[in-house]
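Taking it in order: structure first as structure tokens, then the write-up.
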Amino acid sequence: MEWIKLKDIIEEVFSICDFQAKGKSILFLSEIKQFEDVDIYSDKKRIKQVILNLVSNALKFTLSGFIKVVATLEV
């Protein structure tokens, strides 16, 4: 467990999947402005794997258009 920025994890996942998305002309969008300066205490590896699985599945089943990741903060 460590302090991480969710925004950085999402950007890492997008960079990993970018080649496949460009090949299908799919645009990546994210709506995580609330998290710009927020650190969360979590398992970076697991969070990254969950987001990577979601984005990979979205890429697999999206034929055209865009994939949007939205993260909200509830306190």
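The values are calculated or read from the model by the stated rules, or taken from the named source; none is laboratory data. All figures in this text were calculated on a predicted structure; none of them were measured in a lab. Note: ideal-geometry Cβ built from the backbone for every residue, glycine included; neighbour counts use all protein chains shown. For the accessible areas, the whole protein counts, side chains as well, though only heavy atoms, and no ligand, DNA or RNA atoms are used. Shrake-Rupley method; radii C 1.70, N 1.55, O 1.52, S 1.80 Å.
Of the residues making up the stretch 28-66, those that are in contact (Cβ under 8 Å) with a residue 40 or more places away in the chain and over 20 Å from Leu6 (Cα atoms) number 3. The single condition among (1) in contact with a strand residue (DSSP E or B) (Cβ under 6 Å, 6 or more places away or on another chain); (2) part of a helix (DSSP H, G or I) that Glu11 does not meet is (1). Within the stretch 28-75, the set of residues being in a helix (DSSP H, G or I), at pLDDT below 85 and open to solvent by less than 40 Å² (accessible area, probe 1.4 Å) comprises Phe35 only.
Here Met1 fulfils each of the conditions (1) of a type in the set (A, V, I, L, M); (2) more than 10 Å from the chain's Cα centre (by Cα); (3) surrounded by 11 or more Cβ atoms within 10 Å (Cβ to Cβ) apart from (3).
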